[in-house]
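Taken together, the values in this text are just the output of simple stated rules run on the coordinates, not laboratory data. Bear in mind that the values here come from a model prediction, so they are computed numbers and not experimental data.
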Amino acid sequence: ADMQIVLQEGAQITIDLDPAPPAHALGHVTSAYWSTTLGRSIALALIEDGRQRRGTTVYASKPPIAGRHVSGTPVTIVDPVFYDPQGARLRA
């Protein structure tokens, strides 16, 4: 996954890179930003069975260009607490 790409909010999440329409969406991106602290993009998404999918690669769709389907961006599902999970920074 290219951590420099900031995903589009509302992008559909699918299990396949090039899903044949109509593809089953696992969920969608609810927010996406550049994290100065982490030096890469981050995103939140609602994903069907998301906790069971941690560590897997899925694909965030891109909108069609001139009516043509565009391949999705690979993304990795991670734990929802991905920065300072032990809270060390909070207690410092």
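Laid out as a table, the results:
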{"item": "Built amide H within the under 5 Å cut-off of Ala11, gap 5+", "result": "Val29"}
{"item": "HN-Hα J in Hz across the range 43-54 - Karplus 6.51, -1.76, 1.60, θ = phi - 60°, x for Gly and Pro", "result": "8, 10, 8, 8, 10, 4, 6, x, 5, 6, 9, 3"}
